[in-house]
Amino acid sequence: MGLARRRRNRVRLPAMRLPVCLLLLCFAWSLPLVAKTPGEVGIGETLREATMQGLNGPPRKLSEFRGRPLLINVWASWCGPCRQEMGSLERLAWRDEASGFSMIGISTDDYIDAARGFLQKTNATFNHYIDSRLVLEHMLGADKLPLTVLVDAQGRVLLKVYGAREWDSPESLNLLRKTFGGAKAAPRR
């Protein structure tokens, strides 16, 4: 009886290795999906203070945008998808739907001249800032570009959208309405 039990256990052991290995593989594969950038503010958390150097306007503190919802677009002049979506962000800025929130762009370019050149080329009208010290890049979790972060009037992160999008499309306008809701915003600054 003891010998038969040992043989049965030997048969089961290799059969159990496959599910355990698959489980560990799935866990390891999912880690990059949930790992945060060092210092990243997650969904539901409040953004920390940061002073931003203006590219097409004066420097401002991030907290100056509190009181109304905020759309933050993180981009770089060398990023093809960022360049692709910039036109739709500019069109969004001029739509009536954008009157309920503020919009800013954050460049992660290493060189201020490259970022300013891109903004001049695209005739950007909403405020853009440069993140030369990577403070905002890390805080927002911009390990992939473009990144658009939707923030409520109290400075809490509501949603992060990675990748290019047509921000003036009906689907995106609906996403903005649903995310920002009908929240009452302070007058536009």
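Yes/no per residue for (1) more than 19 Å from the chain's Cα centre (by Cα); (2) touching a residue at least 60 places away in the same chain (Cβ under 8 Å):
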| site | (1), (2) |
| --- | --- |
| Gly105 | no, no |
| Asp113 | yes, no |
| Phe118 | yes, no |
| Lys121 | yes, no |
| His128 | no, yes |
| Asp131 | no, yes |
| Leu134 | no, no |
| Ala142 | no, yes |
Subset of segment 120-146 [out of contact with any Asp or Glu (no Cβ under 8 Å at 6 or more places or on another chain), part of a helix (DSSP H, G or I) and among the hydrophobic types (A, V, I, L, M, F, W, C)]: Val135, Leu136
Against the definition (out of contact with any Phe, Trp or Tyr (no Cβ under 7 Å at 6 or more places or on another chain), modelled with pLDDT of 95 or more and part of a helix (DSSP H, G or I)), how does Arg116 come out, yes or no? yes
Does segment 81-103 hold any residues that are free of Cβ contacts under 8 Å to residues at least 40 places away in the same chain, within 18 Å of the chain's Cα centre (by Cα) and not in a helix (DSSP H, G or I), and which are they? Met103
Residue count, segment 124-143 (criterion: at negative phi, touching a strand residue (DSSP E or B) at 6+ places or on another chain (Cβ under 8 Å) and crowded, with 17+ Cβ neighbours inside 10 Å): 11
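The values are calculated or read from the model by the stated rules, or taken from the named source; none is laboratory data. Computed from a predicted model, the values in this text were never measured in an experiment. For neighbour counting, all protein chains shown are included, and Cβ atoms are generated from backbone atoms with ideal geometry for every residue, glycine included.
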